[in-house]
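Read-outs throughout are calculated quantities, based only on the coordinates presented, and are distinct from any laboratory measurement. Since the model is a prediction, treat every value here as computed from it, not as a measurement. Here the Cβ positions follow ideal geometry from the backbone for every residue, glycine too, while neighbour counts run over all protein chains shown.
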Amino acid sequence: MPHPLILASSSPYRRTLLQQLGIPFQQDSPHIDEAPQAGEAPAALALRLATEKAHALAGRHPKSLIIGSDQVASCDGQILGKPGSRERAIAQLQACNGKKVMFHTGLSLLNSASGEQLGDTETFTVYFRQLSTEQIERYVELEQPYDCAGSFKAEGLGIALFERLEGADLNTLVGLPLIRLTDMLNHFGIDPLGPQAT
């Protein structure tokens, strides 16, 4: 492989997704300020944070390909953060009940040796069912999705919250658009289906 591959994330969800491509990689956690700027749109915020995450590790990994990714969820134009508690998760799901929620996942791939960087934002939309308070509380009790933007785990029981999904790559919803990432890796000479990937 031309350069070591680094996942700039502490997320176990992104690690599991990247493992699907069968390419050796290391995981390292960047530390950046994730606060949105005044008037910043959700998609722009996701791409900016993904870019900053990749650049934050460039000094520690000077001859690597660094993957930065960040996800921002929004409902009615309002950004949905990670709830962090049972009460906030229930409130967030009640606010999304019967509505459309958009997940904007920023993706950046930085060649820290050359400085070349590719970036893109993938959007995935979920349509919530009309749920009772009891259903919402039961879901939160079962999955405790306190570290997930939008307060659900689509790869688990969270799928039962929706009436339909729209998007090109389901992995985008979990937090790492693998189809777009594969395109970017190919640009830098890494083919998950090639002999160097194994």
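Summary table
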{"read-out": "Neighbourhood net charge (13 Å Cβ-Cβ; Lys/Arg +1, Asp/Glu -1) for I179", "value": "-3"}
{"read-out": "In the chain, lysine pairs with alpha-carbon atoms under 25 angstrom apart (chain gap of 8 or more, or interchain)", "value": "8"}
{"read-out": "Dipole magnitude of the stretch 5-197, debye to nearest 20 (Cβ charges: Lys/Arg +1, Asp/Glu -1, about Cα centre)", "value": "160 debye"}
{"read-out": "Counted charge near R164, where neighbours are those whose Cβ lies closer than 13 Å (Asp, Glu -1; Lys, Arg +1)", "value": "+1"}
{"read-out": "Acute angle (nearest 10 degrees) that the helix 42-56 long axis makes with the longest principal axis of the chain, alpha-carbon atoms", "value": "40 degrees"}
{"read-out": "Label-reachable residues, the stretch 20-56, where backbone N falls under 17 Å from a point 7 Å from I79's Cα toward its Cβ", "value": "31-54"}
{"read-out": "Cut-off 13 Å between beta-carbons: net charge of the residues surrounding G98, Lys and Arg +1, Asp and Glu -1", "value": "+2"}
{"read-out": "Spin-label model distance (nm) - A41 vs L142, 7 Å beyond Cα toward Cβ", "value": "3.7 nm"}
{"read-out": "Ascending count of other beta-carbon atoms within 10 Å, so fewest first, for D169, D70", "value": "D169, D70"}
{"read-out": "Diffusion coefficient, µm² s⁻¹, Stokes-Einstein with Kirkwood Rh over alpha-carbon pairs of the chain at 37 °C and 0.692 mPa s", "value": "189 µm²/s"}
{"read-out": "Neighbour-count ranking [beta-carbon atoms within 10 angstrom, fewest first] of H187, H61, H31, H3", "value": "H31, H187, H3, H61"}
{"read-out": "Whole-number D in µm²/s for the stretch 9-59 (Stokes-Einstein; Kirkwood sum over Cα pairs; 25 °C, 0.890 mPa s)", "value": "197 µm²/s"}
{"read-out": "Size descriptor, Kirkwood hydrodynamic radius, that averages inverse alpha-carbon separations across the stretch 94-168, Å", "value": "14.1 Å"}
{"read-out": "Isotropic mean projected area of the C-alpha convex hull, the stretch 5-99 (nm²)", "value": "7.5 nm²"}
